[in-house]
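Q: One structure is given below, represented as structure tokens, and several questions about it will come after.
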Amino acid sequence: MQSITRLLQAILILTLILISIAFVLENSQSISLVFFGWPTPQLPLAAYMVIIFLLGMAIGPILFWSAKRKSSKLR
């Protein structure tokens with residue numbers, strides 16, 4: 001049973017990697033964004049998507065930890 005679970009996990013991870021590679025290859029055109037009036041350098045669309053994803057992965061746990069800490073102080 002454990003070997004089937006590992007096989008399914010490996011298939012899922014490989015599928016996600018292949019989808020990510022396809023996304024990067026299909027979205028290689030350079031774009032420039034304007035954020036609150038500040039222009040950004042021209043980067044491929046996939047680079048902006050990866051940056052936003054990584055920022056979300058960093059900010060999400062921080063906000064969760066902060067909310068959990070505040071709720072524990074209220075008790």
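The values are calculated or read from the model by the stated rules, or taken from the named source; none is laboratory data. Since we're looking at a predicted model, the values are computed, not measured. Quick reminder, even Gly has a Cβ in these numbers, built from the backbone with ideal geometry, and neighbours come from all protein chains shown. To get the accessible areas, we keep the full protein, side chains included, count just its heavy atoms, and leave off ligands, DNA and RNA. Shrake-Rupley method; radii C 1.70, N 1.55, O 1.52, S 1.80 Å.
Q: When region 1-24 is examined, which residues are found to be of a type outside the set (F, W, Y) and within 17 Å of the chain's Cα centre (by Cα)?
A: Correct list: L12, I13, L14, T15, L16, I17, L18, I19, S20, I21, A22, V24.
Q: For region 42-75, which positions are open to solvent by 100 Å² or more (accessible area, probe 1.4 Å), within 21 Å of I21 (Cβ to Cβ) and either of a type outside the set (A, V, I, L, M) or touching a His at 6+ places or on another chain (Cβ under 7 Å) (or both)?
A: Scanning region 42-75 gives a single hit, F53.
Q: Taking I13 as meeting all but one of (1) at pLDDT 90 or above; (2) surrounded by fewer than 10 Cβ atoms within 10 Å (Cβ to Cβ), write down the number of the exception.
A: Condition (2) is where I13 drops out.
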